[in-house]
Amino acid sequence: MTSDPDPSKTNVAPERPEYVVVIHGGAGTIRKDRMTEELEEKIRTALDAALLKGESVLKAGGSAMDAVSETIMILENSPYFNAGKGAVFTNAGTNELDASIMHGETLNAGAVGGVKTVKNPILAARAVLENSPHVMLSGEGADLFAKEQGLELVDQKYFYTEQRWKALQNILQKENVTTGDLLESPRADYKYGTVGCAVLDKDGNLVAGTSTGGMTNKRWGRIGDSPIIGAGTYANNKTCALSSTGHGEFFIRHAVAYNISARMEHGGADFQSAADAVINEELVKAGGSGGVIGVDHLGNVAMPFNTAGMYRGYLKSTGEKYIGMYKE
Ligand code: ASP
């Protein structure tokens, strides 16, 4: 008898892959006609390097925590994403970074908001999880904690990139003095570029992490969804691990990452339907743009987004691999 390659046509559950790594590099007005070939190539190369880093950790039997932190560090160290090195500028011309990480077995989580000197904010979030009794630290206190933890600190100059500086100048020129208009602007592309990673490791543990510079021209210490557990990041071994990207205010109001997990845990939804319902129905109705990436406890990947594009990719121990940018 020949075996049927379509698992949905048999009663045998498809085998869970040994490991899975899924990433995003932000969602937004990412369109082929606005992209140069050169930039596309650079972004693809960075996404590929991040996936390969995650795989090398997981293949060697490393933990999901290590895989997520090391994968995100690759993207934080790249100037092409709005996290770490490529972080966007605040209204005051500074850089304030947010990050979070969560472990799906213990439901332990760590987050930092508005750090200014930490080279890799994902490591600061992880240090909060592992070495503090807290879940979230913010501002100067978070920078101080990172220093006490021996993490690499940098001068704010490190975060300077010409394209992010120009993006701020553009917005400042166009800005209506009455605040608030900016966040509703249809020219949404300046908002995006956050990075995230979700992993299933060989032990069946799920971990997710997210890192961002937030939104260009943010002020008043604005913090988005990325460091908020349940909005920007969530992981639960019973359901899935998720990282969000998009207009953070909406992701906080709709508790996007937890919302997806809860639909699975309490509503019996499968991963893809739960993720689609939140991103392509609930958020769309509310006017919130963005997407999520994630992996469930069976190794299924979901990457829905309601924007023109989302930098995204995944890789499974089975050899399956995908990198995409635009809507298909
Ligand atoms: N969600 C992030 C924020 O609102 C931005 C992004 O994903 O690009 O801070």
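Just so it is clear, none of the values below were taken in a lab; they were calculated from the coordinates. Here the structure is a predicted model, which is why all the values come from computation and not from measurement. Cβ placement follows ideal geometry from the backbone for every residue including glycine, while neighbour counts extend to all protein chains displayed.
Among Asn217, Asn300, Asn131, which one shows the highest mean-square fluctuation when the chain is modelled as a Gaussian network with alpha-carbon springs under 10 Å?
Per the Cα network of the chain with a 10 Å cutoff, Asn131 tops the list.
Suppose R0 equals 22 Å; then what is the FRET efficiency for Lys285 and Tyr326 from their Cβ-Cβ distance, rounded to the nearest 0.05?
That pair, Lys285 with Tyr326, gives E of 0.40.
Can you list the residues, at least 5 places off or on another chain, whose amide H is less than 5 Å from the amide H of Ala231, using H built in the peptide plane?
Sorted by chain and number, the residues that satisfy this are Ala257, Tyr258.
Take every Cα pair under 8 Å in the chain that's 6+ residues apart, average their separations, divide by the length, and report that relative contact order as a whole percent.
25 percent
Using modelled backbone amide H atoms (1.01 Å from N, in-plane), which distant-in-sequence or interchain residues come within less than 5 Å of Arg222's amide H?
When sequence neighbours closer than 5 places are left aside, there are no close amide H contacts.
Round to a whole angstrom and tell me the spacing of the C-alpha centers of the stretch 22-55 and the stretch 272-287.
24 Å
By counting other Cβ atoms within 10 Å of each Cβ, how are His134, His297, His266 ranked from fewest to most?
In increasing order of surrounding Cβ atoms, one gets His266, His134, His297.
Which of Val118, Val88, Val135 has the fewest other C-beta atoms within 10 Å, and how do the rest follow up to the most?
On the way: Val118 26, Val88 29, Val135 16.
In increasing order of surrounding Cβ atoms, one gets Val135, Val118, Val88.
Eigenvalues of the Cα gyration tensor times 5, then square-rooted: what semi-axes does that give for the stretch 1-148, in whole angstrom, largest first?
33, 24, 13
If contacts are Cα pairs under 8 angstrom and at least 6 residues apart, what is the relative contact order of the stretch 192-328 in percent?
21 percent
Work through the residues other than Glu282 whose Cβ is under 14 Å from its Cβ and net out their charges, Lys, Arg +1 and Asp, Glu -1.
Net local charge, Glu282 excluded: +1.
Give the order of Val292, Val57 when sorted by the count of other beta carbons within 10 angstrom, beginning with the fewest. Walk me through the intermediate numbers first.
Details: Val292 35, Val57 23.
Least crowded to most crowded, the residues run Val57, Val292.
In a Gaussian network model over the chain where Cα atoms closer than 10 Å are linked, find which of Lys42, Lys85, Lys53 has the largest mean-square fluctuation.
Per the Cα network of the chain with a 10 Å cutoff, Lys42 tops the list.
Specify the residue with the greatest mean-square fluctuation among Ala286, Ala308, Ala257, computed from a Gaussian network of the chain linking alpha-carbon atoms under 10 Å apart.
Of the options given, Ala286 has the highest mean-square fluctuation.
State the number of lysine pairs found in the stretch 4-135 whose Cα atoms come within less than 25 Å, restricting to pairs 8 or more positions apart or on distinct chains.
Here the count comes out as 9.
Using the Kirkwood radius built from alpha carbon pairs, what does the Stokes-Einstein equation give as D for the chain at 37 °C and 0.692 mPa s, in µm² per second?
D = 169 µm²/s.
Quickly estimate the mean residue ellipticity at 222 nm for the chain, helices only: each DSSP H run with n ≥ 4 gives -39500 (n - 2.57), and the total goes over all residues, rounded to 500.
Details: 10 runs with 100 residues, N = 328.
Helix contribution divided over all residues of the chain: -9000 deg cm²/dmol.
For Lys174 and Ser273, what is the calculated FRET efficiency with R₀ set at 56 Å and r taken between the beta-carbons, to the nearest 0.05?
The formula returns an efficiency of 0.90 here.
Can you run phi through the Karplus equation (6.51, -1.76, 1.60; θ = phi - 60°) for the stretch 122-135 and list ³J(HN,Hα) in whole Hz, with x for Gly and Pro?
Each residue's phi maps through the Karplus curve to give 4, 6, 5, 4, 5, 5, 4, 4, 8, 10, 9, x, 10, 9 Hz.
In nm², what is the average projected area of the convex hull enclosing the Cα atoms of the stretch 23-101?
Values: hull surface 24.3 nm².
Computed as one quarter of the Cα hull surface, the answer is 6.1 nm².
Using a Förster distance of 22 angstrom, determine the FRET efficiency expected from the C-beta separation of Lys202 and Ala49, and round it to 0.05.
The computed FRET efficiency comes out at 0.50.
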